[in-house]
Amino acid sequence: YLPFCQPGAPCLAISTVHKIYLWLKTLTESSRDLLKEFPQPKNLLNSVIGRALGISHAKDKLVYVHTNGPKKKKVTLHIKWPKSVEVEGYGSKKIDAERQAAAAACQLFKGWGLLGPRNELFDAAKYRVLADRFGSPADSWWRPEPTMPPTSWRQLNPESIRPGGPGGLSRSLGREEEEDEEEELEEGTIDVTDFLSMTQQDSHTPLRDSRGGSFEMTDDDSAIRALTQFPLPKNLLAKVIQIATSSSTAKNLMQFHTVGTKTKLSTLTLLWPCPMTFVAKGRRKAEAENKAAALACKKLKSLGLVDRNNEPLTHAMYNLASLRELGETQRRPCTIQVPEPILRKIETFLNHVREPREPLLTPDVLPLGKDSGPLSDPITGKPYVPLSEAEEVRLSQNLLELWRRRGPVWQEAPQLPVDPHRDTILNAIEQHPVVVISGDTGCGKTTRIPQLLLERYVTEGRGARCNVIGRRPRRISAVSVAQRVSHELGPSLRRNVGFQVRLGSKPPARGGALLFCTVGILLRKLQSNPSLEGVSHVIVDERFSRYFGGCPVIKVPGFMYPVKEHYLEDILAKLGKHQYPHRHRHHESEDECALDLDLVTDLVLHIDARGEPGGILCFLPGWQEIKGVQQRLQEALGMHESKYLILPVHSNIPMMDQKAIFQQPPVGVRKIVLATNIAETSITVNDIVHVVDSGLHKEERYDLKTKVSCLETVWVSRANVIQRRGRAGRCQSGFAYHLFPRSRLEKMVPFQVPEILRTPLENLVLQAKIHMPEKTAVEFLSKAVDSPNIKAVDEAVILLQEIGVLDQREYLTTLGQRLAHISTDPRLAKAIVLAAIFRCLHPLSRENYLEENLLYAPSLRFIHGLIKQFSENIYEAFLVGKPSDCTLASAQCNEYSEEEELVKGVLMAGLYPNLIQVRQGKVTRQGKFKPNSVTYRTKSGNILLHKSTINRWEAGRAGEGRLTWSRRVGSPPTAREREPRARVPELGPPGKWGGRETMSAPWSVRALAFARNVSL
């Protein structure tokens, strides 16, 4: 009693303290009694509410609120059904406090008549009757779950419906779904149809549904024989019941009652799969109970509920009736109700049409011949008309006058290593159709060669004949080079330099023109003007002389300012770290690696604090890494962020945002550029002094066996390292920081694997058929410098034939010739063509939807650019009268754009065979049946939906139906460790992830549209 009575303080009377002690003792004993009466109170609460409301979880009706005390944990349980009430529980651990509160709630439920005398559940009908007692009409809270089949062993289990249980249709969509998918990846899943087909071949004794109660008391010899057959009967019974009913305990469903003195008589009451009683005797209690349990095991085996090895069946086998019913539901044909007015219109139409109509795509409306239609001017994009002799002379004289007036500007241009080789280069170009100029970084081959060509033609009085197309590897490179060349030529000739890239163009004036474009644009110009009439020279970067049959090669030395290099061991020393970061280790046995974003951030901050003034260019693998470093930098800089200009550069960022990296920052502001490998070649950012090289980049790999593209993070080549280092020494001395050890540099491959060897070939084959239709795809691509695998080419041809782009002789079909004008994936291009035919193009351009849903503004600009590009493509394919019709709601091509089912049908027909069947119910590889979960199935097997797919949750809520998808990719196994749910899908070795035998890893797709029960 000393804690209650201290010197100088009022003392509690001993009687009062004793009362407190007795109260605490009584409270503890009553709590223990409650837990004896309700050993699984949380499950029981959820089962009552689940059974009553017809739901698979009761999270919304039971809310546990925790309060941490100095020694005891307190939990307040808020019960929202059948009426709002609160109960409290206490315990040394949170789980103990929750169980105490749940047990008190169970006592309330029993007092309200919601539980039977033995705490058993009532059937659903009785709960509907009880609803009125609590002042809530039955219909207001009765929502039976339609996905749970009515006949199942599981329905007899009072704890079968558990909170947060399996299923994705009726529970909240959040972390639980993520955990569910993680489980699927580890154990694999089988959809219901596949499981049923497997069970048909199984030789198990078929399950027999014995619903009537029974009482069995046999002689002692029979009990002894049963015990010999089942040596551990109580354990077996418990395992069977727990697996069959998804319960954590079997106490509520198997109860022993033993009486007697010298001879013990044990009665086993088994409530699953139906009420049954077994009686046996023995000299000891344990002996009698084991004999009764053995008799129960023998009975279960006779019912087919134990296998031939006396082991439990799987959860799915115990729920076979539910599985069969679900399978029958999936195979049941869908009834489509066509409105009577539409049927009458169809009948009237068919009665009036006696002869077949002309096809939608007729040669007189849509010229399909190779030589049909006017040639397109490769420079301006307008119809090509050769210059008259008088116009050519006038333009040439005008160009010569402009050239003479630009003298001072040219004098200010710095001399580059290529300038002394001017005459050698120009003479070789005059004498040979193909010349290769091999120059190191900084020699001027990109910007100066086009100017030298234009200068010779202009000064010789034939400038109008000089029209040069320069092919650049990327959009940002084409734009930046065009701007640099126009600046060096001066204001008078600036209009003679232009660019054309995807989603943007600024073509130059005709005659004496320099046009810089990407490879895709150049291919489209060849498509509309095969011989490039009107072009004098084509400059193609990064090609090899052996491809052109021994043409002359002119070597030009480059010029670079000195660049001091630091490798990982040096960087760690500078940062005060003495070991490699754990997250940046590379496993030599796998061509896969991870990047420590914290290390990158620390290095950038170190350079800012102790390095030379100037911009910092950081090469990172992809967008996730760019955003990660940007976020870390912003958090570290805090209030000083205004002193820094952090610029992300990625191919999906609009061009106007990418161009910001070339702008000079204000005085006192340091530029930090976070870029992928698009900043690696062909662009120069003048103020870059420091380069941080992660040594990694994203590379698309195509697996011929699985037909899946995998966007992997891999080590760059040594050539990439040199290029990245060179970004720091273009305009002044610089520093390069390589986030890999020197030993790794020696292990890197010399050059990157050519794209033609590691990507799908559908687009390439389509382009080949446009330019060389008389050759097969294999014949044409075998001439490439690095020819692709013949099997990969054949796969691409088969796909194009399957979607109707090529015929069996590998000639372009009528549809294929339309698709050739649309610069996107052939399947998506097919959907666009079909949308034009069926007059529902408008959904392609619903900007108001994007704006109403507050989507990212740069993405809106990018999408708007795509809409404009596709509109022009559709016009070039002779499918609309003018490009603006595509976005005009009143145009004929948009007559049926509001017919949602038609739009879905067009998407499904266009993206075929990229269809996904959404099926309800699945069985894990461990045999657990999840009736409310969904599976996604393609022709090749089960897949997962990518986390960026907006229809991921919509498909789950909508139940069975169809999805279409545009891209299927996989991710390496360590991606799960690096970032949450990194399925790009955005594959691991066979067997690592489970799944179907035809798959070597989890699939994931980006789904475009969801359509319920659409058949074409």
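The values are calculated or read from the model by the stated rules, or taken from the named source; none is laboratory data. Just so we're clear, the structure is a prediction, and the values are computed from it rather than from any experiment. Cβ atoms come from the backbone with ideal geometry, glycine included; neighbour counts cover every protein chain shown. Protein only, heavy atoms only, side chains kept; ligands, DNA and RNA dropped before computing areas. Shrake-Rupley method; radii C 1.70, N 1.55, O 1.52, S 1.80 Å.
Nearest 5 percent is fine: what portion of the DSSP beta bridges confined to region 435-571 is antiparallel? The antiparallel proportion sits near 15 percent. The ARG809 and ASN310 beta-carbon pair, evaluated with R₀ = 56 Å, returns a calculated FRET efficiency of approximately 0.30.
Protection proxy ranking, highest mean first, for peptides 532-539, 744-751: 532-539, 744-751, where packing is the per-residue count of other beta-carbon atoms within 10 Å, averaged. By its C-alpha gyration tensor, with a ≥ b ≥ c as the square roots of the eigenvalues, how is region 389-556 shaped: rounded for a/c under 1.5, else prolate for a/b larger than b/c, else oblate? Rounded is the answer for region 389-556, as its axis ratio a/c remains below 1.5.
Legend: residues ARG839, ARG471, ARG465, ARG610, sorted from most to least accessible area (1.4 Å probe; ligands, DNA and RNA excluded), read ARG610, ARG465, ARG839, ARG471.
Projected over all directions and averaged, the alpha-carbon convex hull of region 219-330 occupies 7.4 nm². Based on C-alpha pairs under 8 angstrom that are at least 6 apart in sequence, region 389-556 has a relative contact order of 30 percent. Computed on protein heavy atoms with a 1.4 Å probe, the accessible areas place HIS650, HIS66 in the order HIS66, HIS650, largest first. Taking label points 7 Å from Cα along the Cα-to-Cβ direction, TRP623 and ARG495 give a separation of 3.9 nm.
Counted residue by residue at 0.36 nm each, then reduced by the alpha carbon distance between them, the extension gain from ILE342 to THR76 reaches 89.8 nm.
Label point of SER940 set 7 angstrom out along Cα-Cβ; within region 795-818, amide nitrogens under 19 Å from it belong to 795-804. Using a probe of 1.4 angstrom and keeping all protein chains present, the accessible surface of region 219-330 works out to 44 square angstrom per residue. Accessible surface for region 389-556, divided over its residues, is 48 Å² per residue with a 1.4 Å probe. 3J(HN,Hα) couplings calculated from phi for region 881-891 with the Karplus curve 6.51 cos²θ - 1.76 cosθ + 1.60 (θ = phi - 60°) are, in sequence order, x, 8, x, 5, 4, 4, 9, 9, 4, 8, 5 Hz; Gly and Pro show x.
In percent, rounded to a whole number, the relative contact order of region 219-330 is 27, using alpha-carbon pairs under 8 Å and six or more apart. Highest-first packing order for the peptide set 324-336, 776-788, 265-277, 475-487 is 475-487, 265-277, 776-788, 324-336, based on the mean count of other beta carbon atoms within 10 Å. Can you send over the carbon and sulfur percentage of the accessible area for region 454-522, probe radius 1.4 Å, protein chains only? Carbon and sulfur together cover 46 percent of it. Restricting region 395-474 to GluC sites (Glu not before Pro) that sit in a DSSP loop and have at most 12 other Cβ atoms within 10 Å of their own Cβ leaves GLU460. From most to least packed by mean Cβ count within 10 Å, the peptides 254-262, 223-231, 612-620, 517-525 give 612-620, 517-525, 223-231, 254-262.
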